[in-house]
1. Restricting the search to the stretch 255-312, which residues are touching a residue at least 24 places away in the same chain (Cβ under 8 Å), open to solvent by 30 Å² or more (accessible area, probe 1.4 Å) and of a type in the set (Gly, Ala, Ser)?
2. Can you tell me which residues in the stretch 16-54 are of a type outside the set (Asp, Glu), open to solvent by 20 Å² or more (accessible area, probe 1.4 Å) and not in a helix (DSSP H, G or I)?
3. If you check Leu238 against the conditions, is it surrounded by fewer than 17 Cβ atoms within 10 Å (Cβ to Cβ) and under 22 Å from Gly180 (Cβ atoms)?
4. Which of the helices (runs of 4 or more DSSP H) found entirely inside the stretch 141-220 contain at least 3 residues meeting this: modelled with pLDDT under 95?
5. Hey, can you tell me all the residues within the stretch 106-132 that are surrounded by fewer than 16 Cβ atoms within 10 Å (Cβ to Cβ) and within 13 Å of the chain's Cα centre (by Cα)?
6. Using beta carbons and a limit of 7 Å, which pairs, at least six apart or on different chains, have the first residue in the stretch 177-192 and under 17 Å from Phe269 (Cβ atoms) and the second one open to solvent by 50 Å² or more (accessible area, probe 1.4 Å) and part of a loop (DSSP other than H, G, I, E, B)?
7. Applying the selection to the stretch 241-254, what residues are in contact with a Phe, Trp or Tyr (Cβ under 6 Å, 6 or more places away or on another chain) and open to solvent by 20 Å² or more (accessible area, probe 1.4 Å)?
8. Just give me the residues in the stretch 64-100 being in a loop (DSSP other than H, G, I, E, B) and either at pLDDT below 85 or surrounded by 12 or more Cβ atoms within 10 Å (Cβ to Cβ) (or both), in sequence order.
Amino acid sequence: MLHEMNVSTFDLNHARALHFLLEEGHVARAARRLGITPAAASNALRGLRRDFDDALLVRTGRTLARTALGEQLRGPAREVLAAAERLFVVGVPFEPSAYDGELILATSDRVAEVLLSALDGLLTARAPRARLSVHTMTVDLAAFLRENDGLAIMPGAARERGLSSEKLFLDDFVCVLRKGHPLLKGPWTIRRFAAAEHLLVAPLGRTQRGAVDALLETQGLTRRIARVVNSFALAMPLLAASDRITVLPRSFAQARAREWGIVVRPVPFELPNIEMELSWHPRHERDPKHVWFRALLQESVRVSGLPRPATR
């Protein structure tokens, strides 16, 4: 059972050691990140075991595994270290030209395709030593942004609770089908649209009804979804080689139309625009690096020529 600890004697160096030992699960790797010798890291682990009255890490073959308490302490240790780091960034200007750390962006492949070229150019010119890591969307996005110090670009309607956000750009939906598709002959009606075989792009891998299905229902119609993919890029070969159709954001569809020999047509009924937002965890609200990166993403949208949301 965990004994009572005198918090006043638990200094920040102990918290750093706890964080990196639990994250790495490896004494030598933790030592490198702490800037100390492996022997010193082993001593730190022994001290932490006394402090918490628990092994924290136990050997399983050639690796170390976290105990139940070690797993529970992993998040709080990360939070303590992040809070301490924030003490030293408040009021300190961010110098992008000298920054050699990582900038993390989570978004879909379709947003990356239309925005990354402009972002890459701006980063190369202004923060040439920075590393940009682009991740696909995750189920628990809020936790990902909190733990990885990242930003996300997503539809406003999909934003998770507890995240801060600002508007980024607008998009709208179009219908995409192959050249020579039978639907290109004759009237382009909602009934013919509904009767076609459909492909659905679900970035999180979930098949779910959306605005298209809700609107069709108001007209007494339904559609058959025959294929589901979790990225926009995967949709293209399935459309080009079949009579399936899909609804995609205009920015992505137009960028891929020539490459795949597809035709972009208006959706034969009215759908609301897609309001894309830039989101982050509130703990990073005033972080100078975050403030700078958010501004750079806004500039990337302007450079890309994407439609901007109306300002009040």
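1. Of everything in the stretch 255-312, those that are touching a residue at least 24 places away in the same chain (Cβ under 8 Å), open to solvent by 30 Å² or more (accessible area, probe 1.4 Å) and of a type in the set (Gly, Ala, Ser) turn out to be Ala255, Ser304.
2. Once the filter is applied, which keeps residues that are of a type outside the set (Asp, Glu), open to solvent by 20 Å² or more (accessible area, probe 1.4 Å) and not in a helix (DSSP H, G or I), the stretch 16-54 yields His26, Gly35, Ile36, Thr37.
3. So Leu238 passes the test.
4. On the way: elements: 141-148, 190-195, 211-218.
Answer list for the stretch 141-220: 141-148, 211-218.
5. Correct list: Leu132 only.
6. Filtered contacts from the stretch 177-192: Ile190/Gln219.
7. Keep residues of the stretch 241-254 that are in contact with a Phe, Trp or Tyr (Cβ under 6 Å, 6 or more places away or on another chain), which gives 247, 252.
If the condition is that a residue be in contact with a Phe, Trp or Tyr (Cβ under 6 Å, 6 or more places away or on another chain) and open to solvent by 20 Å² or more (accessible area, probe 1.4 Å), then Val247 is the only one that fits.
8. Within the stretch 64-100, Thr67, Phe88, Val89, Val90, Gly91, Val92, Pro93, Phe94, Tyr99 meet the criteria.
The values are calculated or read from the model by the stated rules, or taken from the named source; none is laboratory data. Here the structure is a predicted model, which is why all the values come from computation and not from measurement. Neighbour counts run over all protein chains shown; Cβ positions are idealised from the backbone, glycine included. Surface areas here come from the heavy atoms of the whole protein model, side chains and all, with no ligands, DNA or RNA. Shrake-Rupley method; radii C 1.70, N 1.55, O 1.52, S 1.80 Å.
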